[in-house]
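Have a look at the structure below, then the notes.
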Amino acid sequence: MSAPAVASTPSPAHGTLHKCGDISATPLKSSIVFSINDRIGILDECLAAIKALSINLTRIESRPSKTDDWDYDFFVDFAATSSDQVASVVKALEPLAKQVHIVGTAGDTLPESTPWFPRKMVDLDTFADKVLEMGEELDADHPGAKDPVYRARRAEITKIAKTYKTGMPIPHIEYTKEENETWGAVFNKLTTMFPSHACREHQYVFPLLVQNCHYGPEAIPQLDSVSRFLKDCTGFTLRPVMGLLTSRDFLNGLAFRVFHSTQYIRHHSRPLYTPEPDVCHELLGHVPLFANPDFADFSQEIGLASLGASDEDIERLATIYWFTVEFGICRQGDKIRAYGAGLLSSFGELEYCLSGKPELRPFEPAKVAAQKYPITEYQPVYFVAESFKDAQMRVREFATSLDRPFSVRYNAYTESIEILDSKEKVIRYAQSIKTDMLTLVDALQKLN
Ligand SMILES: [Fe+2]
């Protein structure tokens, strides 16, 4: 492709959905994930084991496993009457399936058609190693496809993402001389363009990354150091990922202020080209913006809207993500500047997007969400945001028009998602706002 960077979420969610019965009157809605091999009848045996416990299944989603050939991963929602019953489901499945995990249990009463979504930070562990493509497997036209040394190195690095769990420090990678030189070539080329093409927020943060995270042409910065820096700035953290996640999983991560980041680098033969996100794209394109509070809020807004959204709405939100976080440009005074990571990590498209050749349109989420886009060439149209705050408000307004009959909020203290589906929860939320308002009034009075 001519555009060197592809967004981390180009594909729509692709799970297979089945409806399997009615939810009970006062359910303890629970979700588990397990893997099975392709032995004939094994899924029937698993479902029969659950049915034998007199438990109603409400939803099953299947995906081909990317961690083991011919295996399938199943996400199963069911209505239990107690936590003991949830544990009994796990016990019944363990002799039949691999990697049986509880990924969520909640007493709320969401509609039974609601797709599973992570409620706690630790729930992200269930899909971090489930990738659509790239990662260890490379397409035939990938520059490194015929290089066994590069492929082995990729496998070595992606193994870290495969075994990573919430709360762990991100393992240090001892990058080779060749890898650091590839990074240096990209770094030197792009940093000549940032002063004239990158938005002011990117330009403000970049020197801080040089000071705090060893950004420079000599060596690839470590994700762990960068993640700690972001955490201090906006609460965003990085999480290593093997390759491209589904749009649903990737966007769901943003709701927790978690950005899934690759840790491997493009092939050294073509340092200014990559057909996929790599560590150059993440560190030079994405990271500087996640250190900006308004951009962090905007990104999380898209993530929160994606929780429990329908497949159609996930596609709309992924399109908005594409035209903003990946390929967004914004107005700053009388200038137009780039803030999308796909632009800021692509020498050619960064120049092209501000050249006056492509069509520029105002950022209106409903129209953006319906816009078709190519993933293997420069974008024919870009959407211009007035500011990140304005874009966030517009996305929030757009999110209320989506087909989701409940509201959510992120509780940063517990690192969990709250479903605002009862009077008690809404009152508790209102009380937390009231406390913040009292602090605000007190601060204003003292300023006066
Ligand atoms: Fe990206």
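Here, each number is a calculation from the coordinates, and none is a lab measurement. Everything quoted here is computed from the prediction, not taken from an experiment. Heads up, the Cβs are rebuilt from the backbone with ideal geometry, glycines too, and the neighbour counts pull from every protein chain shown.
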- If every Lys and Arg gets +1 and every Asp and Glu gets -1 at its Cβ, then about the Cα centre the chain yields a dipole, in debye to the nearest 20, of 760
- Item | Partner aspartates and glutamates for residue 446 [C-alpha distance under 17 Å; skip if fewer than 8 residues away on the same chain] | 436
- Note on the structure: Under the Karplus relation with 6.51, -1.76 and 1.60 and θ = phi - 60°, whole-Hz ³J(HN,Hα) for segment 165-174, x at Gly and Pro, equal 10, 3, x, 6, x, 6, x, 6, 10, 8
- Measuring from label point to label point, each 7 Å out along Cα→Cβ, what is the residue 436 to residue 90 span in nm? 3.4
- Item | Gain on full stretching of the segment that runs from residue 393 to residue 113 - 0.36 nm per residue minus C-alpha separation | 98.0 nm
- Message: Placing unit charges on C-beta atoms (Lys and Arg positive, Asp and Glu negative, everything else neutral), compute the dipole magnitude of segment 148-400 about its Cα centre in debye, rounded to 20.
- Response: 240
- Query: For the chain, what relative contact order do you get, as a whole percent, if you take Cα pairs closer than 8 Å and at least 6 residues apart?
  - Reply: 18
- Rounded FRET efficiency, nearest 0.05, which uses the C-beta distance separating residue 219 from residue 446 and R0 of 41 Å: 0.35
- In order over segment 281-286: 3J(HN,Hα) from phi, Karplus 6.51/-1.76/1.60, θ = phi - 60°, whole Hz, x for each Gly or Pro, gives 4, 5, 7, 8, x, 7
- In degrees, nearest 10, range 0 to 90: what is the angle between the Cα axis of helix 311-321 and the longest Cα principal axis of the chain? 20
- Query: Can you give the helix-only mean residue ellipticity at 222 nm for the chain, where every DSSP H stretch with n ≥ 4 adds -39500 (n - 2.57) and the sum goes over all residues, rounded to the nearest 500 deg cm²/dmol?
  - Reply: -11500 deg cm²/dmol
- How do the peptides 423-434, 48-59 rank, highest first, by the average count of neighbouring beta carbon atoms within 10 Å per residue? 48-59, 423-434
- Message: What does the extension gain come out to for residue 364 and residue 204, with contour length at 0.36 nm per residue minus their alpha carbon separation?
- Response: 54.9 nm
- Alpha-carbon centroids, segment 359-392 and segment 317-332: separation in whole Å: 6
- Query: Between residue 269 and residue 416, what is the spin-label point distance in nm, taking each point 7 Å from the Cα along the Cα→C-beta axis?
  - Reply: 5.1
- Message: Order these by the 10 Å Cβ neighbour count, fewest first: 262, 376, 319.
- Response: 376, 319, 262
- Work out how much length residue 426 to residue 141 would gain on full extension: take 0.36 nm times their residue separation and subtract the Cα-Cα distance, in nm to one decimal. 97.4 nm
- Query: When Rg is the radius of gyration of the Cα atoms in the chain and Rh is its Kirkwood radius, what does Rg/Rh come to?
  - Reply: 0.98
- Hey, if you put +1 on the Cβ of every Lys and Arg and -1 on every Asp and Glu Cβ in segment 148-400, which of 176, 186, 287 ends up farthest toward the positive end of that dipole? 176
- Query: For a paramagnetic label modelled at 7 Å from the Cα of residue 188 toward its Cβ, which residues of segment 251-283 fall within the zone defined by backbone nitrogen distances under 13 Å?
  - Reply: 271-272
- Task: Return the distance in nm (one decimal) between the two label points of a simple spin-label model at residue 401 and residue 122, each offset 7 Å from Cα along Cα→Cβ.
- Result: 4.0
